[in-house]
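Asks: Pasting a structure below so you can have a look.
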Amino acid sequence: MSEQEDRTFFDTFMLVLAFLIVFTIVIFAISNSVANRTIADRHHQTADAAERLAERIRPEGRLCLQGQEEECEVRVAAVTRPAAAEEEVAEAGEVDGQQVYNQACTACHGPGIAGAPRTGDDAAWAARMDKGYETLLDHSINGFQGDAGFMPARGGNPNLSDEQVAAALDYMLEQLD
Ligand code: HEC
């Protein structure tokens, strides 16, 4: 190989090398700028993404101490809350028989499941009425095993008070003619 040929080869080689270096730098710059845009979004660094994130992880409620309402963002909710709570207590005080019935009795006595006398079925209830109200109430509260099936105490809901069970029984009997 002559010296001239060597030179040409070397020059070409350098040219290719230079091109590769420039090419690498350009690719690096492009990928960097693309990454900056997309990764920033994925990591919630754009204003929009940060806002959406804050909305998603926003706490349901905040403890707002009396006297510190000024610092509380949710002070409107905190101030109106006691009034609403009082109302709820007032409502819980008076027992709604229909509501208890719908919650604890209708599952069996609505369709007449497993031998339960159907609500509003006069014939089915006639014989039971003869037992007297006190007995029916006792069976409602403490449960009853009869020929037709098993009536669980308090309709299977031990959280019900005697008053609630009585109100549900009253509602059930009111549905008879
Ligand atoms: C899991 C089903 C079921 C639920 C829930 C249920 N009952 Fe009963 N109940 C029965 C069955 C079955 C009988 C019939 C038992 C028998 O006479 O053999 C019955 C019978 C009765 C009787 C008649 C008892 C008697 O001495 O003849 C009353 C009263 C009664 N249920 C009230 C209620 C009330 C009030 C509720 C809701 C608080 C309720 N039941 C919820 C199944 C249920």
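The values are calculated or read from the model by the stated rules, or taken from the named source; none is laboratory data. Keep in mind that this is a model prediction, so the values were computed, not measured. Reconstructed Cβ throughout: ideal geometry from the backbone, glycine too, with neighbour counts over all protein chains shown. The area values use the complete protein model at the heavy-atom level, side chains included, leaving out ligands, DNA and RNA. Shrake-Rupley method; radii C 1.70, N 1.55, O 1.52, S 1.80 Å.
Asks: Somewhere in the stretch 150-161, is a residue near the ligand (Cβ under 9 Å from one of its atoms), out of contact with any strand residue (DSSP E or B) (no Cβ under 7 Å at 6 or more places or on another chain) and open to solvent by 70 Å² or more (accessible area, probe 1.4 Å)?
Replies: yes
Asks: In addition: Which of (1) within 9 Å of the ligand (Cβ to nearest atom); (2) within 20 Å of Gly115 (Cβ to Cβ) is the odd one out, the single condition Asn142 does not satisfy?
Replies: In the conditions (1) within 9 Å of the ligand (Cβ to nearest atom); (2) within 20 Å of Gly115 (Cβ to Cβ), Asn142 misses (1) alone.
Asks: Mind listing just one residue for me: the one in the stretch 162-177 that is within 15 Å of Gln98 (Cα to Cα) and assigned to a loop (DSSP other than H, G, I, E, B) and, of those, most open to solvent (accessible area, probe 1.4 Å)?
Replies: Checked the stretch 162-177; the qualifying residue most open to solvent (accessible area, probe 1.4 Å) is Gln175.
Asks: In the stretch 100-118, what count of residues is obtained for those that are more than 7 Å from the ligand (Cβ to nearest atom) and exposed (fewer than 13 other Cβ atoms within 10 Å of the Cβ)? Please lay out each step first, then the result.
Replies: Start the filter on the stretch 100-118 by keeping residues that are more than 7 Å from the ligand (Cβ to nearest atom), which leaves 102-103, 106, 110-112, 118.
From what's left, exposed (fewer than 13 other Cβ atoms within 10 Å of the Cβ): 111.
Matching residues across the stretch 100-118 total 1.
Asks: Let me ask something additional. Of all residues in the stretch 119-131 being near the ligand (Cβ under 10 Å from one of its atoms) and either closer than 24 Å to Pro158 by Cβ or not hydrophobic (A, V, I, L, M, F, W, C) (or both), which is most open to solvent (accessible area, probe 1.4 Å)? Step through it out loud before you land on a result.
Replies: Looking only at the stretch 119-131, we keep the residues that are near the ligand (Cβ under 10 Å from one of its atoms), and these are 119, 124-125, 127-131.
Filter again for either closer than 24 Å to Pro158 by Cβ or not hydrophobic (A, V, I, L, M, F, W, C) (or both), leaving 119, 128, 130-131.
Numbers: Thr119: 29, Arg128: 56, Asp130: 132, Lys131: 84 Å².
Checking each candidate, the answer is Asp130.
Asks: Can you tell which of Val76, Val89 is open to solvent by 90 Å² or more (accessible area, probe 1.4 Å), modelled with pLDDT under 80 and either in contact with an Asp or Glu (Cβ under 7 Å, 6 or more places away or on another chain) or under 30 Å from Ser161 (Cβ atoms) (or both)?
Replies: Details: Val76 fails: either in contact with an Asp or Glu (Cβ under 7 Å, 6 or more places away or on another chain) or under 30 Å from Ser161 (Cβ atoms) (or both).
Checking each option against the conditions leaves just Val89.
Asks: Continuing with the same structure: Just one of (1) more than 11 Å from Leu169 (Cα to Cα); (2) open to solvent by less than 30 Å² (accessible area, probe 1.4 Å); (3) more than 6 Å from the ligand (Cβ to nearest atom) trips up Gly97, so point out which.
Replies: It fails just one condition, (1).
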